[in-house]
Amino acid sequence: MEKYIVEGGRPLYGEVEIQSAKNAVLPLLAAAVLVDGEVILRKCPRIRDVMNMVEILRELGFRTDFIKDTLRIDGADAANHEIPAALAKEMRSSIFMLGSVIARFGRARIAYPGGCDIGLRPIDLHLSGLRRLGVKINEAGGYIDCECDRLRGAKIVLDCPSVGATENIILAAVRAEGDTLIENAAKEPEIVDLANFLNRMGARVYGAGGATIRIEGVKELHGTEYTPISDRIEAGTFLIASAMCGGELVLKNAKAENLAAVIHKLIEISCKIHTDNGKIYIESRGRISPKLVETSPYPGFPTDLQAQITALACICEGSTVVVENLFETRFKHVPELIRMGADITVRGRSAFIRGVSTLKGADVVAGDLRGGAALTLAAISAEGLSTVTDLSHIDRGYSGFEYKLRSVGARIRRIAV
Ligand code: EPZ
């Protein structure tokens, strides 16, 4: 296990290059299963979830070469339809593989997915969507066995705009017979990126980014090269780091239009933010409480930045209520923030925060990916020394997190425990 040692209380000044989006790259890797040609992904982040997904592709018989940040995938010899249980349990995004593996091989076998422990994380919408496309699904002994000799287009109405279910259905529908309509689809930028990538491979996906997506099934798809969109959650994490520590940051390769709800909230807190040609400039000028933050599906405030803005609210003047509407247990970072002197009370899905002037360094433990990032921001903004233990969570989604923070003035280093 590894931990950060942090000496907090220093402002952040400088430039940070934002990585490609973890939650765009993962479905793109699932989409690569659909073609028996070569797919090349550029600017691919070397984070644990991507490495796990690449391992799954290799188990399915894909050849992969990861040189610097370019990932080549060749599916000519792929023939295995069974996703290894150990890898499936590592992360939630293994479930996206179902749609593309069924579309490619006519069947698929996967163990129930793992991932961040932030709630029940059912997969009923994934499975009901695939059943609508003609997939026979048997769930037994912790495994999901799927079979379908011919996928057929269908109209699917999602009970809630699930990101993963929308992606899974698109991945199965692109090679189905006939048209598929998805109503109440998720609108995240990562869905748009997946549609753009699939259309570059010869698919016909229309309306991504809106509530209704139409897919015209095609017989063949071919390989392509692609650079995924930048990671709006990493960018938001650094914007909140700046608001917490003070100073001025420039984020390169950051799409402000994908962060409108977050930028609006930070301006409310009295940050000065402007954007120009793929860069976001932020200057922190004090911290007035945002009063209320409610997470909701895109374009609302993203749940993946809830832990980070909860940490920021701890040192804002005044009180804030943070409501987590998407996941049942996404406040594991709260007891650790309280160890640092935060004043927070959680009731159900709401955290009631009374701002304190500063947090105090302490030894804290990361419980999940975004909670770990939030605790790291708390540590670099706090007075005194902190440690953040169990970095395996952070390594799932942030490439070189401590290097980037150190490059703009934070005193943070990683050691083995
Ligand atoms: C994706 O997870 C992201 N992960 C999550 O990011 C993100 O928090 C989430 O979308 C919401 O934006 C990836 O893209 C790999 P959902 P996903 O299906 O697809 C309910 C991170 O930190 N639901 O949109 O699993 C579910 O319970 C991770 O990067 C069902 O009821 O999220 C939740 O309340 C964490 N049935 C809501 O939908 C289903 O079949 C949103 O979940 C599926 C979901």
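The values are calculated or read from the model by the stated rules, or taken from the named source; none is laboratory data. These numbers were taken from a predicted model, which means no experiment stands behind them. Every residue, glycine as well, gets a Cβ built from its backbone with ideal geometry; the counts of neighbours run over all protein chains shown. Surface areas here come from the heavy atoms of the whole protein model, side chains and all, with no ligands, DNA or RNA. Shrake-Rupley method; radii C 1.70, N 1.55, O 1.52, S 1.80 Å.
At a 1.4 Å probe radius, carbon and sulfur cover how many percent of the accessible area of the chain? List each step's numbers first, then the result.
Numbers: 7630 of 15690 Å².
Roughly 49 percent, rounded to a whole number.
To the nearest 500 deg cm²/dmol, what mean residue ellipticity at 222 nm is calculated for the chain from DSSP H runs of n ≥ 4 alone, each contributing -39,500 (n - 2.57), summed and divided by the residues?
Working: 14 runs with 130 residues, N = 417.
Calculated at 222 nm, the ellipticity per residue is -9000 deg cm²/dmol.
Pop out the ³J(HN,Hα) list for the range 204-216 in order, Karplus 6.51 cos²θ - 1.76 cosθ + 1.60 with θ = phi - 60°, rounded to Hz; leave Gly and Pro as x.
Residue by residue, the range 204-216 yields 10, 10, 10, x, 4, x, x, 7, 10, 10, 10, 10, 8 Hz.
Where a ≥ b ≥ c are the square roots of the eigenvalues of the C-alpha gyration tensor, would you call the range 99-244 rounded, which needs a/c under 1.5, or, failing that, prolate if a/b is larger than b/c, or oblate? Please report the intermediate quantities before stating the final value.
Working: a/c = 1.84, a/b = 1.29, b/c = 1.42.
Since a/c reaches 1.5 but b/c is at least a/b, the shape of the range 99-244 is classed as oblate.
List the lysines whose Cα sits under 24 Å from the Cα of K155, skipping any in the same chain fewer than 8 residues away.
Cα-Cα hits under 24 Å: K136, K187, K219.
Just for the range 22-226, what percent of DSSP beta bridges are antiparallel, to the closest 5? Kindly include the intermediate steps, with their values, before the conclusion.
Details: 27 of 35 bridges.
Among the beta bridges of the range 22-226, antiparallel pairing accounts for roughly 75 percent.
Against the longest principal axis of the chain, how steep is helix 163-173, in degrees 0 to 90 to the nearest 10, with axes from Cα atoms?
The angle comes out near 20 degrees.
Using the basic label-point model (7 angstrom from Cα toward the beta carbon), what is the V157 to E248 distance in nanometres?
5.3
Let's test the formula: R0 of 45 Å, r as the Cβ-Cβ distance of E147 and R42. What FRET efficiency results, to the nearest 0.05?
On the way: r = 35 Å, r/R0 = 0.79.
The computed FRET efficiency comes out at 0.80.
Using a simple spin-label model with points 7 Å from Cα along the Cα→Cβ vector, what separation in nm is obtained for K219 and L385?
For the pair K219/L385, the computed spacing is 7.0 nm.
Give the dimensionless ratio obtained when the Cα radius of gyration of the range 1-129 is divided by 2.2 N^0.38 Å.
Details: Rg = 16.9 Å, N = 129, 2.2 N^0.38 = 13.9 Å.
Here the Cα radius of gyration is 1.22 times the empirical estimate.
Kindly identify the range 77-155 as rounded, prolate or oblate by the Cα gyration tensor criterion: order the square roots of the eigenvalues as a ≥ b ≥ c, call it rounded if a/c is under 1.5, otherwise compare a/b with b/c, prolate if a/b is larger, else oblate. Could the numbers behind the result be given before it?
Working: a/c = 1.96, a/b = 1.31, b/c = 1.49.
Taking the square roots of the gyration eigenvalues as a ≥ b ≥ c, the range 77-155 is oblate.
If the label point is 7 Å along Cα→Cβ of A260, which residues in the range 297-328 have backbone nitrogen under 15 Å from it?
Label zone hits: 297-302.
So what does Y206 come to for accessible area, using a 1.4 Å probe and Å² rounded to 10?
The accessible area comes out at roughly 90 Å².
Between rounded, prolate and oblate, where does the range 240-284 land on the alpha carbon gyration tensor, with a ≥ b ≥ c its root eigenvalues, rounded for a/c under 1.5, else prolate if a/b exceeds b/c? If you can, show how the numbers build up before the last one.
Working: a/c = 2.02, a/b = 1.27, b/c = 1.59.
Oblate, because a/c is 1.5 or more while a/b does not exceed b/c.
Considering only protein heavy atoms, what per residue accessible area in square angstrom results for the range 268-398 with a 1.4 angstrom probe? Mind showing how you got there, number by number?
Details: 4780 Å² over 131 residues.
Counting only protein heavy atoms, the per-residue value for the range 268-398 is 36 Å².
Return the whole-Å distance between the Cα centroid of the range 194-253 and the Cα centroid of the range 15-80.
15
Once the dipole of the range 22-226 is set up with Lys and Arg at +1 and Asp and Glu at -1 on Cβ about the Cα centre, which of L28, T64, A208 lies farthest towards its positive end?
Going by the charge dipole, the pick is A208.
Between their Cα atoms, which of K252/K404; K272/K360; K255/K279; K43/K279; K22/K43; K3/K43 are more than 19 Å away from each other? Don't skip to the answer; put the middle values down first.
Values: K252/K404 12 Å; K272/K360 26 Å; K255/K279 7 Å; K43/K279 17 Å; K22/K43 11 Å; K3/K43 27 Å.
Long pairs (Cα-Cα over 19 Å): K272/K360; K3/K43.
So in the chain, what percent of DSSP beta bridges are antiparallel if you round to the nearest 5?
Working: 61 of 84 bridges.
Percent antiparallel among DSSP bridges in the chain is about 75.
Compute the accessible area per residue over the range 22-226, keeping the other protein chains in place, probe 1.4 Å, unit Å². Mind dumping the intermediate values first?
Working: 7880 Å² over 205 residues.
Per-residue accessible area for the range 22-226 comes out at 38 Å².
How much FRET efficiency would the formula 1/(1 + (r/R0)^6) give for I288 and N138, where r is the Cβ-Cβ distance and R0 is 60 Å, rounded to 0.05? Let's see the in-between values first.
On the way: r = 55 Å, r/R0 = 0.92.
The pair I288/N138 has a calculated efficiency of 0.65.
For the chain, set up a GNM with springs between Cα atoms under 10 Å and report which of G106, G119, G178 has the largest fluctuation.
Most flexible of the set in this elastic network: G119.
In whole angstrom, note down how far apart the Cα centers of the range 133-175 and the range 270-343 are.
35
Calculate how steeply helix 48-59 sits against the longest principal axis of the alpha-carbon atoms of the chain, using the helix alpha-carbon long axis, and give the answer as 0 to 90 degrees to the nearest 10.
Once rounded, the angle reads 20 degrees.
Tabulate in residue order the Karplus-calculated ³J(HN,Hα) for the range 248-265, using 6.51 cos²θ - 1.76 cosθ + 1.60 with θ = phi - 60°, rounded to whole Hz; enter x for Gly and Pro.
9, 10, 10, 9, 9, 6, 10, 9, 4, 5, 8, 10, 4, 5, 6, 4, 4, 5
If one takes the longest principal axis of the Cα atoms in the chain, at what angle in degrees, from 0 to 90 and to the nearest 10, does the Cα axis of helix 22-32 lie?
Tilt of helix 22-32: around 10 degrees.
Residue-wise, which Karplus ³J(HN,Hα) couplings in Hz belong to the range 190-200, taking 6.51 cos²θ - 1.76 cosθ + 1.60, θ = phi - 60°, and x for glycine or proline?
Using θ = phi - 60°, the values come out as 5, 6, 4, 5, 4, 5, 4, 5, 4, 5, 5 Hz.
What nm distance separates the two modelled labels at V417 and D124, each placed 7 Å from Cα along Cα→Cβ?
3.8
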